[in-house]
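Visitor: Before anything else, here's the structure in question.
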Amino acid sequence: MSSFFAFLKRMRFINRWSLMRNTETENIQEHSLEVAMVAHNLAALKNEYFDGNVDINKVAVIAMYHEVSEIFTGDMPTPIKYFDPKLRELYGEVETLAQEKMLSTLPERLQAVYKPFIVDAEDNPEWPIVKAADTISAYMKCVNELKAGNDEFKEAHDSILAKLKALNMPEVDMFLETYMPALGKSLDQLNYYEIK
């Protein structure tokens, strides 16, 4: 018996942004899907527009599993995670143990297949794209919260946007220019936007 998918199903119970007032909750399961879709698109942009040679499907799979350790650790809010370098180091060790625990829930012959995506994700050359996609997902959350009138996300919005611009990744800049103007629009506005 393997508990891998039973644990994955629990991702939907772990909410993000727990220290902030949210107009709409977001769990790590839906966040992981969004990050996978954004990472896949970033990799495609890099390949098609900036002479990249990225395996877009591998990027998506790494992104899909990038939060599985939080099944065991919960979502550590950023202000706490980065409060002190020693705390960040300890949390990193706990994350690694949680990743190894998750890997151990798979049938033994599959563990080597999943190890690059669950335990060794940050060692992959594709990791910077996944990390950028994770940051874009956070930025998209902030944009939506601000559009809903929630000023609680103003500082996060500004600091995350600055972080994205500082990445100096042309595919990230192109993603922001291409997709962000439509974010937060109503369905009627989106239909009109696409028709024009």
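The values are calculated or read from the model by the stated rules, or taken from the named source; none is laboratory data. What you see is a predicted model; the values in this text were computed from it and never measured. With ideal geometry, Cβ positions are generated from the backbone for all residues, glycine too; neighbour counts draw on all protein chains shown. Heads up: the accessible areas ignore ligands, DNA and RNA and are worked out on the full protein's heavy atoms, side chains in. Shrake-Rupley method; radii C 1.70, N 1.55, O 1.52, S 1.80 Å.
Visitor: Quick one: ranking Val61, Val172, Val94 by accessible area, 1.4 Å probe, largest first, what do you get?
Guide: Final ranking, largest accessible area leading: Val94, Val61, Val172.
Visitor: Continuing with this model, one more query. Rounded to the nearest 500 deg cm²/dmol, what is the calculated helix-only ellipticity per residue at 222 nm for the chain, with -39500 (n - 2.57) per DSSP H run of length n ≥ 4?
Guide: -20500 deg cm²/dmol
Visitor: At 1.4 Å probe size, what's the solvent-accessible area of Arg21? Round to the nearest 10 Å².
Guide: 140
Visitor: For a label point 7 Å from the Cα of Arg88 along Cα→C-beta, name the residues of region 122-139 whose backbone N is under 20 Å from it.
Guide: Once the point is set 7 Å along Cα→Cβ of Arg88, 122-124, 127-139 turn out to lie under 20 Å by backbone N, inside region 122-139.
Visitor: Ok, one more. Tell me the per residue accessible area of region 60-196 using a 1.4 Å probe; a whole number in Å² is fine.
Guide: 57
Visitor: I would also like to ask the following. Under a 1.4 angstrom probe, counting protein chains only, how are Glu30, Glu108 ranked by accessible area, largest first?
Guide: Glu108, Glu30
Visitor: Roughly speaking, to the nearest percent, how much of the chain's 1.4 Å accessible area is carbon and sulfur?
Guide: Exposed carbon and sulfur together represent 55 percent of the surface.
Visitor: Using the Karplus curve 6.51 cos²θ - 1.76 cosθ + 1.60 with θ = phi - 60°, work out ³J(HN,Hα) for each residue of region 112-122 in order, rounded to whole Hz, and write x for Gly and Pro.
Guide: With the stated coefficients, region 112-122 comes to 5, 5, 8, 3, x, 8, 9, 9, 9, 3, 6 Hz.
Visitor: Continuing with this model, one more query. Kindly state, to the nearest 0.05, the FRET efficiency for Gln111 paired with Arg12, given R0 = 35 Å and r defined as their beta-carbon distance.
Guide: Once rounded, the FRET efficiency stands at 0.90.
Visitor: Rank these residues by their accessible area, most exposed first, probe 1.4 Å: Thr23, Thr135.
Guide: Thr23, Thr135
Visitor: Kindly report, to the nearest 10 Å², the accessible surface of Met64 as traced by a 1.4 Å probe over protein heavy atoms only.
Guide: Approximately 90 Å² of Met64 is accessible to the 1.4 Å probe.
Visitor: Further, regarding this structure: With θ set to phi - 60°, apply the Karplus curve 6.51 cos²θ - 1.76 cosθ + 1.60 along region 52-58 and write out the HN-Hα couplings as whole Hz, x wherever there is a Gly or Pro.
Guide: x, 9, 9, 6, 5, 6, 5
Visitor: So which of Lys147/Lys185; Lys9/Lys101; Lys86/Lys131; Lys46/Lys147 end up more than 18 Å apart, counting from Cα to Cα?
Guide: Lys86/Lys131; Lys46/Lys147
Visitor: Now, a different point. When N is the residue count of region 17-118, what does its C-alpha Rg come to as a fraction of 2.2 N^0.38 Å?
Guide: Rg over 2.2 N^0.38 Å, computed on Cα atoms: 1.25.
Visitor: Further, regarding this structure: Contact order normalised by length for the chain, with contacts defined as Cα pairs under 8 Å and 6 or more residues apart; what percent is it?
Guide: Relative contact order here is 25 percent.
Visitor: What does the accessible area of Phe50 come to, in Å² to the nearest 10, when a probe of 1.4 Å is used?
Guide: Here the accessible area works out near 70 Å².
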